[in-house]
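Before I ask anything, here is the structure I am working with.
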Amino acid sequence: MNSMTKYQIESVTIELTIGDIAAQHDIDAVVNAANAELRIGGGVAGALHRAAGPGLEEEARPLAPIRPGEAVLTSGHRLPNPYVIHCLGPVYGRDEPSDVLLASCYRNALELAEVEGLRSVAFPAISTGAFGFPMDRAAAIGLGTVAGLASTLQSVRCIRFVLYDQNALAIHARVLDEMATDGR
């Protein structure tokens, strides 16, 4: 894993790092940028399903289909994490209102984590790959939603954004710095 940047909002630590979402050994639940059918796919969904093994798809199949903004929970199977939270992010320019649906992914994932009493969750940059959501806008929505919920979280104490590359990390860091400057 590359270096990690940490921010404190209320009693929650928000971490930013570049890495492999399927290799977050110290996290209770990783978030899958899922497809509606909760099957193996490309990007994050492919990486998590390959690492977890076929049991993940078998467990998830009865929970499908899910709609944009929805989240469901499964066990982690062969992942180092006890749980996977599957979120269907909006396809940019098709699923509207895209900003509201993307915020719902983060909110619903954290609500599931709270119900399970989890202490840590790792998110990818949902909808920014094949679903075409602009990274800067997605970062503002994801981080803004997480920051807005920080004071309400009872069990979740660490939220990690596992990002694909240096550009995504720089955008997320800039958004968090701006939020800190604005006093949010």
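For region 1-37 and region 101-164, compute the distance between their C-alpha centroids and round to whole Å.
9 Å
How much length would be gained if the chain were fully extended between Ala170 and Leu63, taking 0.36 nm per residue of separation minus their Cα-Cα distance, in nm to one decimal?
Using 0.36 nm per residue and subtracting the Cα-Cα distance, I get 35.0 nm.
Roughly how tilted is helix 98-116, in degrees to the nearest 10 and between 0 and 90, from the longest Cα axis of the chain?
80 degrees
Skipping prolines and chain starts, which residues have an amide H placed within reach, meaning under 5 Å, of the one on Gly19, given they are 5 or more residues away or on another chain?
Amide H to amide H, under 5 Å and 5 or more residues apart or across chains, Gly19 pairs with Leu163.
Given the rule -39500 (n - 2.57) for each run of at least 4 DSSP H residues, summed and divided by the residues of the chain, what is its mean residue ellipticity at 222 nm, to the nearest 500 deg cm²/dmol?
After summing the helix terms and dividing by residue count, I get -12000 deg cm²/dmol.
Name the residues whose placed amide hydrogens come within less than 5 Å of the amide hydrogen of Thr128, ignoring near sequence neighbours (fewer than 5 apart) on the same chain.
Counting only residues 5 or more places away or on other chains, the set is Phe133.
Could you bin all the Cα-Cα distances of region 81-184 into 5 Å bins starting at 0 and give me the percent of pairs in each, rounded to whole numbers?
The calculated distribution, bin by bin, is 2, 12, 24, 24, 21, 13, 4, 0.
So what does log10 I(q)/I(0) come out to for region 4-182 at q = 0.11, 0.15, 0.16, 0.18 Å⁻¹, using the Debye formula with one equal point on every Cα and no solvent?
-0.39, -0.76, -0.88, -1.15
Helix 43-52: angle to the longest alpha-carbon principal axis of the chain, degrees 0 to 90, nearest 10?
60 degrees
Which cysteines in the chain lack any other cysteine whose Cβ sits under 4.7 Å from their own Cβ?
Isolated Cys, the chain: Cys158.
I need the calculated FRET efficiency for the pair Glu96 and Asp26, taking r as the beta carbon distance and R₀ as 41 Å, to the nearest 0.05.
After rounding, the FRET efficiency stands at 0.65.
A short reminder: the numbers here are calculations on the coordinates, not readings from a lab. The shown structure was predicted, so the numbers you read here are calculated from the model rather than taken from an experiment. For neighbour counting, all protein chains shown are included, and Cβ atoms are generated from backbone atoms with ideal geometry for every residue, glycine included.
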